[in-house]
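The values are calculated or read from the model by the stated rules, or taken from the named source; none is laboratory data. Worth saying up front: this structure is predicted, and the values here are computed from it rather than measured. A quick note on method: Cβ atoms are made from the backbone with ideal geometry, for glycine too, and the neighbour counts reach across all protein chains shown.
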Amino acid sequence: MIDRATVDRIIDAADIVDVVSDFVTLKKRGQNYLGLCPFHNDRRPSFNVSRTKGIYKCFSCGKGGGPINFIMEHEQMSYVEALRYLAKKYHIEIEERELTDEERAAQDIRESLLIINEFAMQFFEDQLANSQEGQEIGMAYFKERGFTAESIKKFHLGYSPENRSALYDAAIKKGYNRQLLFDVGLCIDDGRGGGYDRFRGRVMFPVFNIAGKVIAFGGRTLHNDKAKYVNSPESVIYKKSNELYGLFQAKRAISKEEKCYIVEGYADVISMHQSGFENVIASSGTALTEGHVHKIHRFTENVTELFDGDEAGIHAALRGVDMLLKEGLNIKILLLPQGEDPDSFARSHASHEVKSYIDEHETDFITFKTEMLLKDTARDPIARAKAITDIVHSIALIPEQIARSIYAKECSKRFEIEERVVMAEINKQIAKNKEKAYKERQSKKNSESEDTNHQPDTETDTVINLPPSQIEARQSGGKSKVESISLYRYEEDLMRYVAKYGMCFLCETTMADNSRQPTTVVEYIYNELSADGIELITPVFKRMLNIAMEQVHPFYEALEDKRVVLNQEMNQALKEGIAEIDRKGVDSVEMAEKMEEELKSRIALKMNQREVEFRIKYLEQRLCSERDDQVREKAVNLVVELHQLSRIHSQFGAVIPTEYDRLMTLVPNAILNLKNAIANRRVMEIREQLAHADTNQANELLEEMQQLNEVRKKLAKLTGERVINTI
């Protein structure tokens, strides 16, 4: 297991913008960054990333968290896998204790499959580079295709020997589980306790996910085998409909160029890269899927499909058009000369010739589709009408109204049809599409409801899955009127201050020896609740408070280290500032001293702000990167702010106190509100108990109620609320 100190180093080192940018194109918007959410089909950017807070949040689908959570969600990794990923990214050495046999046996199967694939890739690379068979067959083929040594290394190309069990034997010798070799599709069970290699005698093309992990392989035969290419079967780590070959190598170029080229096969991608086009990906011989388009859309809105000029290439281009349009992408299509594919064309032409050809021949989808569908229909009005209807239906898929209008006008002009007729048909098709989508959603909803008969039987399930107003009702079986007094919102309000400002200085506490101790928000809240014997009843909040308190001691140690750094920076800034004053020269010693005092005040204020930022970020980051899924999710929701005050509110010198400025009032009030709600809840319980109590019990209950009412009156004076005596 990874120790806490190492986890903290990873959390502190991971820059949320840097981590997310590996997978999503982000654009700066004020203090934050905005992009298309990678967790749902996001057409309009709703994915917000805050470098200051170190978290991301999608205000459409609700996903959110820190760098660790992002990697977990995006790459479907476990918490530990995500930590290892980030540790590797930021060159942090992981310190951990030895796993027990039980822990080792329980390690995530996904991690094991990725490790096996990594071993296989290295095995194939070694066979290509260092075996005679690999050199004479595999390397000879790659050189014949014009692949350079740099490309072979960049795409980790390899060779699988003719020996039917070369990889299997090597993996078993290394101690890998034979069943996992079968599960990931590298080997096939021979039915006699052994196995043989799926890809024997083939050159190998590893398929990487967007994070750079090997998830599958494509193997090309060099013989007259019936199957020219053999690909890994789908597995826990590989879903063909979601993966694009070359995206890992191309993602930065796609973002930089604001454009993506789609080709068909492995060789097409590699040859285009060698020709200077690194923003190229392949659908690997399959039709584009929603999963493919969704991934492309994260990096760019501009797509050009490059296909062979034959009949198959034309049909492949047409298949992808509607799906790309539906996702709001700008599509262009380029058919290469007859007999050429991107691979051969890139190898037979200089880079500038390839670029010139693309610039001159790529065309928008409506022009391409018109030419293809209307070919040979001049004498067949019915076929022509059908083709035009097909084009109009494609336009109806475009989500942006302005873009639809422009294409409708173009369609009207090209086909000599009145624009109103075209728009009427488009609107009719849009209505049909919406109705179809609605029916599909309803069908899915009904299917899910039939399969969802689970009733929450744990306290945690109750709190997480029900609205706050129903939480206590479910906890009490729905029979008591006490459910009308929910503590959830008061506990949530209190824990929001813990999550957002937990390590911020709030006040000084007088200790038993009369010394005064600086006290943070979380310490103050914990001490106030403990003094009155109050425990939070919402499990996730209870765990969150305990986790926050566990962080207090490490925080103070980290704060001391931070102050050392800040003092060094302050002294350096002061030294440079005084030197600048001396260089400018002043008329008198008094003026110089005044300037130095002002300089010290500015630097001290800046360093104080830096410390406050450190205090705020410290607990936010840790709670939003917590291993406990429910704590992590709740923490993100508590710290994220959908709206922020505009700068216009501080014009003309007006200063509006921030929430941080008012903590000394807000936090005690939140505690008082919770205590008041608890008292009200207990009063309601007593009233219910009085209905069934005997004389002695009734007297005790009435006495307790009298005491509670006194407490409520005192709380009311502090909070400014009225209390109605219930006796």
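Details
- The residue that is nearest to TYR524 (Cα to Cα), counting only those in segment 633-650 that are assigned to a helix (DSSP H, G or I) and either of a type in the set (D, E, K, R) or modelled with pLDDT under 50 (or both), is LYS634.
- Just one of the numbered conditions (1) out of contact with any strand residue (DSSP E or B) (no Cβ under 7 Å at 6 or more places or on another chain); (2) outside any helix (DSSP H, G or I); (3) buried (at least 16 other Cβ atoms within 10 Å of the Cβ) is not true of LYS375: (3).
- Taken over segment 54-75, the residue count meeting the criterion of being in contact with a helix residue (DSSP H, G or I) (Cβ under 7 Å, 6 or more places away or on another chain) and among the polar types (S, T, N, Q) is 1.
- The lone exception for SER284 - which of (1) outside the structural domain of MET139 (by TED's automatic domain parsing); (2) on the phi < 0 side of the Ramachandran plot it fails: (2)
- Those residues of segment 60-74 which are of a type in the set (D, E, K, R) and either surrounded by 19 or more Cβ atoms within 10 Å (Cβ to Cβ) or part of a loop (DSSP other than H, G, I, E, B) (or both), in sequence order: LYS63
- Residue within segment 562-569 that is under 30 Å from LYS634 (Cα atoms) and under 37 Å from the mean Cα position of the chain (by Cα) present: yes
- Condition met for PHE277 (over 27 Å from the mean Cα position of the chain (by Cα) and under 30 Å from LEU34 (Cα atoms)): yes
- When THR304, THR367 are checked against the criterion of being β-branched (Val, Ile, Thr), farther than 30 Å from LEU26 by Cβ and surrounded by fewer than 20 Cβ atoms within 10 Å (Cβ to Cβ), THR367 stands alone in meeting it.
- Total residues in segment 151-174, condition touching a residue at least 60 places away in the same chain (Cβ under 8 Å) and surrounded by fewer than 20 Cβ atoms within 10 Å (Cβ to Cβ): 2
- Residues of segment 527-542 satisfying the condition of being within 15 Å of ASN676 (Cβ to Cβ) and assigned to a helix (DSSP H, G or I): GLU528, LEU529
- Selection count where residues are crowded, with 19+ Cβ neighbours inside 10 Å and within 27 Å of the chain's Cα centre (by Cα), scope segment 329-347: 2
- Where a residue in segment 670-692 is free of Cβ contacts under 8 Å to residues at least 40 places away in the same chain and its partner, wherever it lies, is among the small types (Gly, Ala, Ser) and in a helix (DSSP H, G or I), with Cβ under 9 Å and at least six apart: GLN689/ALA698; LEU690/ALA698
- Subset of segment 230-247 (residues that are in contact with a Lys or Arg (Cβ under 8 Å, 6 or more places away or on another chain), surrounded by fewer than 20 Cβ atoms within 10 Å (Cβ to Cβ) and at pLDDT 90 or above): VAL230, GLU234
Listed here are the residues, each with its yes/no results for (1) in a loop (DSSP other than H, G, I, E, B); (2) at pLDDT 80 or above; (3) hydroxyl-bearing (Ser, Thr, Tyr).
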{"position": "ASP661", "(1), (2), (3)": "no, yes, no"}
{"position": "ILE678", "(1), (2), (3)": "no, yes, no"}
{"position": "ALA693", "(1), (2), (3)": "yes, no, no"}
{"position": "LEU701", "(1), (2), (3)": "no, no, no"}
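- None of ASP197, ASP190 is among the charged types (D, E, K, R) and surrounded by fewer than 23 Cβ atoms within 10 Å (Cβ to Cβ) except ASP190.
- Candidate set from segment 369-386 (those that are modelled with pLDDT of 80 or more and not β-branched (Val, Ile, Thr)); member that is nearest to MET272 (Cα to Cα): LYS386
- Strands (runs of 3 or more DSSP E) within segment 125-243 that include 2 or more residues among the aromatic types (Phe, Trp, Tyr): 202-208
- Count of residues meeting criterion [surrounded by 14 or more Cβ atoms within 10 Å (Cβ to Cβ) and free of Cβ contacts under 8 Å to residues at least 12 places away in the same chain] in segment 127-139: 2
- Within segment 564-588, tally of residues that are charged (D, E, K, R) and closer than 16 Å to GLU598 by Cα: 5
- Any hit, segment 39-62, residues being in contact with a His (Cβ under 6 Å, 6 or more places away or on another chain), outside the structural domain of GLU327 (by TED's automatic domain parsing), touching a residue at least 40 places away in the same chain (Cβ under 8 Å) and not hydroxyl-bearing (Ser, Thr, Tyr): yes
- Condition met for ASP629 (modelled with pLDDT under 90 and under 36 Å from the mean Cα position of the chain (by Cα)): yes
- Listed by first and then second residue, the pairs linking a residue in segment 222-235 that is on the phi < 0 side of the Ramachandran plot and in contact (Cβ under 8 Å) with a residue 24 or more places away in the chain to a residue that is surrounded by 12 or more Cβ atoms within 10 Å (Cβ to Cβ) and of a type in the set (Val, Ile, Thr), with Cβ atoms under 7 Å apart and 6 or more places separating them unless they lie on different chains, are LEU222/ILE137; LEU222/VAL203; SER235/VAL184.
- Note on segment 229-271: residues that are of a type in the set (Ser, Thr, Tyr) and closer than 13 Å to SER283 by Cα amount to 4.
- Residue match in segment 3-20 (condition: crowded, with 16+ Cβ neighbours inside 10 Å, within 28 Å of ILE398 (Cα to Cα), out of contact with any Ser or Thr (no Cβ under 7 Å at 6 or more places or on another chain) and not hydrophobic (A, V, I, L, M, F, W, C)): no
- Across segment 49-59, the number of residues qualifying as surrounded by fewer than 22 Cβ atoms within 10 Å (Cβ to Cβ) and either in contact with a Leu (Cβ under 8 Å, 6 or more places away or on another chain) or part of a loop (DSSP other than H, G, I, E, B) (or both) comes to 3.
- You will find that of GLU620, GLU611, the residue that is part of a helix (DSSP H, G or I), surrounded by 15 or more Cβ atoms within 10 Å (Cβ to Cβ) and at pLDDT 90 or above is GLU611 and no other.
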